[in-house]
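Colleague: Sharing a structure here in C-alpha cells format.
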Amino acid sequence: MKWNSTKTLSVLTLSSILLLSGCGGGNNDNSSSTSSPTTSTSDTSSSTSSPTTSTSDTSSSSDNTSSPSDSADSTKMDTSPIAFSFFGADISPNWNNMQDDVGKAITAATGVTINAEFDVGGGGGEDKISLMAASDQYPDIIFSKGNLGKLVDAGAIIDLTDLIDKYAPHIKEIMKDSMNRMKYSLDDQAIYAIPTNGGVNNESFDATGGFQVQLRVLKELGYPQIKTVQDYENVLKEYVAKHPTTDGQPTIPLLLNGDGWKRMITVTNPAFIATGAPDDGEYYVNPETYEAQLHYYRPEEKEYFRWLNHMYNEGLLDKNSFVQKDDQYQAKIASGAVLGLISQEWEYGNAENSLKSAGKNDATYGHFPVTLSDQYQDHELVSAGVDFYGISITKACKDPVRAIQFLDWLASDEGQVLNNWGVEGKQYTLDASGKRVIPDDVNNAKVNDNANFSKSTGIGLYTAFAPHYGDGVKDSTGNYYTTNFPEQIIASYSDAEKEALAGYNATTWKDLWPKDLPVKEWGALYNMQVPTDGEYQVIYTKTQAIVDKDVPKVVLAKTEDFDKVYDEFIADLDNAGAKKMGEMYTALVKNRVKLFTGKDVQ
C-alpha cells in the first residue's frame, strides 16, 4: 500500500516498541538524561529538498572534542522574563517547578520559566495528546514521544527548519552530521521535532540491560560462566536449591513483569535479543533485504519462548509474573528475594535503589549478555545512530523565536554542563588542572538517594528540552559533557559490584558484551512514522491484542502443549493480517534507509 502524503503517518505508539526505552530509544541508553521536559520550535514552510547522499552516524570516541559555534548576531537572546507552557509524555516525578539548583540557574541565564505538565501512569502521553488534538488546545512546547504523527496530522506542530537555521547555532553544530535524521519522512522533509531523548555521538561505557543475577549469587557460586540460557538456568537452579528462602520468605529464581506495556521489556523483547537481533520494537528487519516482519515469526524466537515455558514448568519462573501489578513486581525485587531478572536497569531501578538504601548491595544485580545458544551474538548495544524522540514547538507558541533560542541555549556548552553536572561549587568543583570533579558526598547522594538528589539539584531533568552530546564526547575544555565516563561509572559501583566484576576480569558490565557492532541504517524504528489510521492501524491494533493475550498462554502452557499453543499464536497473527502489515512496514523501512543514507533501496 502506498501513502501519498506523510500527513497520514505517525510515530509508533509506546505500546508498540518501547526501550527503552527507555527505555525510550534503545534498551541501553546510558546518556545522562532523565525523563522530563523538552521543547522545540519553528514556523516555516517544510523543506522539500531531496535527501543528501550520505549521513554520518558514527559514534564518537572518548577523545572526541566538540565546541559549538557562538556566532551570528541573530542568535543574541532576549533574557527578559517569559514563561512557556509544556507537556512531557514521560512521567517526571522529580520535577520541582524549576525550584532546583539547575532550574534556577537556567531561569537566571535565559529569563525562561517552564510551566510543566507531565504524563501520569506511564502511558506515554497518548490519552492527553489525543485530547489536545481533539480540542485543538496545545502547550507552547511539547515532548510527544510516540505521538508526534498524531500532532502533525492535526496541524499542531510548526516546522523548525528555518528557525534552526537562523537562530540555533548550537543545535546546528550538534546535529550537523545527522540533519537528514531530523526530517519527518522521505515525502515530508520538515523538521517537526529535534531529537533529544538520547545523546549525539554517544559511546556507551556500561551495559544496564541483558539478563540479571544477584551479586550474592555470583559470589557464592564462584562467578560461574553465564553466556547461554542454560548457563543462566543452572545458576538460578543451583542457588535456590541451597537457599529456598530469603529472610523468611520463598526465594524467587526468576521474575518477569507482564503488567501492561512492560511485558515488552521483560518478556517479548528479550526473545529477539537472546537470538541475535537488535532492538527494532515489534519487528525484525532483515539487514540485507530490509524486509520486515513481526519478530515472533522467527523460528529461533519460538525456541526462546520454549525455554521460558520450561522455566515456568520447572518452577523457576515466578508463577505470578503475568497476573501481578507493577508495584507488586517492584516490591518483590526490593525484598531481596529475587535472584534473576531479564530486564533493563531503568525498569527495576527504583526497587534496586531501595536495596541500596537498605544496605543490601549484595542483593543488587550484575548484567550478562545471555543468548539462546553459542551460535548467537547479543546485539542489544547496536547503535541506532542519532534518531530519538524529540522536542517540538506548537502553533500555540506566541514567540517561537524566543523558544528556539531557549532550546539552543540549553544545547550550548554552558547549558549541557549545567544540566549534566549541576552548579559549579555545589555539585562539582574544578581541580588545579581544570578537570571537573564530583565530591564524594555529592556522588554518594546521587548513587544512594537519586530521587531526592535529582529533585533538589535538577541534574538530568532538562535533558529532553534540547539536543545534547552523549557519553564519551568532550567539550572545548577537555572535560566530558556527561558524568557517564569510565572513571565515574566505576566510582559509582558498590564494593559488591566491583568484586563481582573483578570475578569476571571486567571493569564495567559492558566489557562482557560484543564490541564494534555496526550502526543500524534504519535508525530507531520506534521513531519511524507509520499510518495513524486506516488498514495498518487496524491490523497493528489487532496483532498487539493477540500478543498480549497469547504470549502468557505460550509461557504458561503445559510442556506437551507448547508447540500447539505457539502455532495457534502464529495462526492468530496470520488471520489478523500480520504478514500484510509487514509488507507495509517494509516499504516504510526502505524509504527511511533512503532518507537517512541516500541509498537507492528497492
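Colleague: Considering (1) in contact (Cβ under 8 Å) with a residue 60 or more places away in the chain; (2) assigned to a loop (DSSP other than H, G, I, E, B), say which one GLN602 fails and leave the rest.
Modeller: (1)
Colleague: So if I check each of GLY385, GLY422, which one is modelled with pLDDT of 95 or more, surrounded by 24 or more Cβ atoms within 10 Å (Cβ to Cβ) and at positive phi? Lay out the reasoning, then the answer.
Modeller: Working: GLY385 fails: modelled with pLDDT of 95 or more.
None of the others qualify; the one that does is GLY422.
Colleague: Counting only residues that are surrounded by fewer than 22 Cβ atoms within 10 Å (Cβ to Cβ) and not assigned by TED's automatic domain parsing to the domain that holds ASP600, give me the helices (runs of 4 or more DSSP H) lying completely in the stretch 114-220 with at least 3 of them. Break it down stepwise before answering.
Modeller: Values: elements: 126-135, 148-153, 161-167, 169-175, 215-220.
Result: 126-135, 161-167, 169-175.
Colleague: Within the stretch 496-539, can you find the residues that are outside any helix (DSSP H, G or I) and among the hydrophobic types (A, V, I, L, M, F, W, C)? If you could, list the steps in order and put the result at the bottom.
Modeller: Filtering the stretch 496-539 for residues outside any helix (DSSP H, G or I) gives 504-508, 513-524, 528-534.
Listed by number, the residues that qualify are ALA506, TRP513, LEU517, VAL519, TRP522, ALA524, MET528, VAL530.
Colleague: Next up: If you check LEU430 against the conditions, is it surrounded by fewer than 19 Cβ atoms within 10 Å (Cβ to Cβ) and either in contact with a strand residue (DSSP E or B) (Cβ under 9 Å, 6 or more places away or on another chain) or not charged (D, E, K, R) (or both)?
Modeller: Details: surrounded by fewer than 19 Cβ atoms within 10 Å (Cβ to Cβ): yes; either in contact with a strand residue (DSSP E or B) (Cβ under 9 Å, 6 or more places away or on another chain) or not charged (D, E, K, R) (or both): yes.
In short, yes.
Colleague: How many residues does the stretch 347-377 contain that are in contact with a Leu (Cβ under 9 Å, 6 or more places away or on another chain) and buried (at least 22 other Cβ atoms within 10 Å of the Cβ)? Walk me through how you get there before you give the answer.
Modeller: To start, the set of residues in the stretch 347-377 that are in contact with a Leu (Cβ under 9 Å, 6 or more places away or on another chain) comprises 347-348, 361-369, 377.
Still in the list and also buried (at least 22 other Cβ atoms within 10 Å of the Cβ): 347-348, 363-369.
Total meeting the criteria: 9.
Colleague: Working carefully through the options ILE342, ILE404, find the one that is surrounded by 15 or more Cβ atoms within 10 Å (Cβ to Cβ), among the β-branched types (Val, Ile, Thr) and assigned by TED's automatic domain parsing to the domain that holds THR457.
Modeller: Details: ILE342 fails: assigned by TED's automatic domain parsing to the domain that holds THR457.
Within the list ILE342, ILE404, the selection yields ILE404.
Colleague: For VAL565, work out the one condition from (1) under 17 Å from THR268 (Cβ atoms); (2) assigned by TED's automatic domain parsing to the domain that holds GLU291; (3) among the aliphatic types (A, V, I, L, M); (4) touching a Phe, Trp or Tyr at 6+ places or on another chain (Cβ under 8 Å) it doesn't fulfil.
Modeller: For VAL565, the exception is condition (4).
Colleague: Ok, one more. Give the residues of the stretch 244-257 that are surrounded by 21 or more Cβ atoms within 10 Å (Cβ to Cβ) and either hydrophobic (A, V, I, L, M, F, W, C) or not in a strand (DSSP E or B) (or both), sorted by residue number. It would help to see each step written out before you state the result.
Modeller: Quick first cut of the stretch 244-257, residues surrounded by 21 or more Cβ atoms within 10 Å (Cβ to Cβ) only: 252-257.
The answer is ILE252, LEU254, LEU255, LEU256, ASN257.
Colleague: Still on this structure, I have one more. Just for the stretch 393-433: of the residues that are of a type in the set (Gly, Ala, Ser) and within 28 Å of the chain's Cα centre (by Cα), which one is farthest from ILE158 (Cα to Cα)? Spell out the reasoning first.
Modeller: Applying the first criterion (of a type in the set (Gly, Ala, Ser)) to the stretch 393-433 yields 396, 403, 411-412, 415, 422, 425, 432-433.
Going one step further and asking which of them are within 28 Å of the chain's Cα centre (by Cα), we end up with 403, 411-412, 415, 422.
Numbers: ALA403: 12, ALA411: 20, SER412: 23, GLY415: 24, GLY422: 32 Å.
Result: GLY422.
Colleague: Also, quick follow-up: Considering each residue of the stretch 120-143, count those that are modelled with pLDDT of 95 or more and within 19 Å of the chain's Cα centre (by Cα), and give that number.
Modeller: 2
Colleague: So if I check each of ALA396, ALA403, which one is touching a residue at least 12 places away in the same chain (Cβ under 8 Å) and not in a helix (DSSP H, G or I)? So that I can check it myself, show each step before the final result.
Modeller: Working: ALA403 fails: not in a helix (DSSP H, G or I).
Testing whether each residue is touching a residue at least 12 places away in the same chain (Cβ under 8 Å) and not in a helix (DSSP H, G or I) leaves just ALA396.
Colleague: Same structure, new question: Which of the residues belonging to the stretch 291-306 are surrounded by 21 or more Cβ atoms within 10 Å (Cβ to Cβ) and in contact (Cβ under 8 Å) with a residue 60 or more places away in the chain?
Modeller: ALA292, LEU294, TYR296, TYR304, PHE305
Colleague: Can you tell me which condition THR586 does not meet? The list is (1) out of contact with any helix residue (DSSP H, G or I) (no Cβ under 9 Å at 6 or more places or on another chain); (2) buried (at least 22 other Cβ atoms within 10 Å of the Cβ); (3) of a type in the set (Ser, Thr, Tyr), and all the others hold.
Modeller: The one condition THR586 does not meet is (2).
Colleague: Looking only at the stretch 509-541, how many residues end up being farther than 30 Å from GLY598 by Cα, surrounded by fewer than 19 Cβ atoms within 10 Å (Cβ to Cβ) and touching a Leu at 6+ places or on another chain (Cβ under 9 Å)? If you could, list the steps in order and put the result at the bottom.
Modeller: From the stretch 509-541, those farther than 30 Å from GLY598 by Cα are 509-513, 538-539, 541; that's our starting set.
So of that shortlist, the ones also surrounded by fewer than 19 Cβ atoms within 10 Å (Cβ to Cβ) come out as 511, 538, 541.
Going one step further and asking which of them are touching a Leu at 6+ places or on another chain (Cβ under 9 Å), we end up with 511.
Final tally of qualifying residues: 1.
The values are calculated or read from the model by the stated rules, or taken from the named source; none is laboratory data. Model, not experiment: these values are computed from the prediction. So basically every Cβ, Gly included, is an ideal-geometry build from the backbone, and we count neighbours across all protein chains shown.
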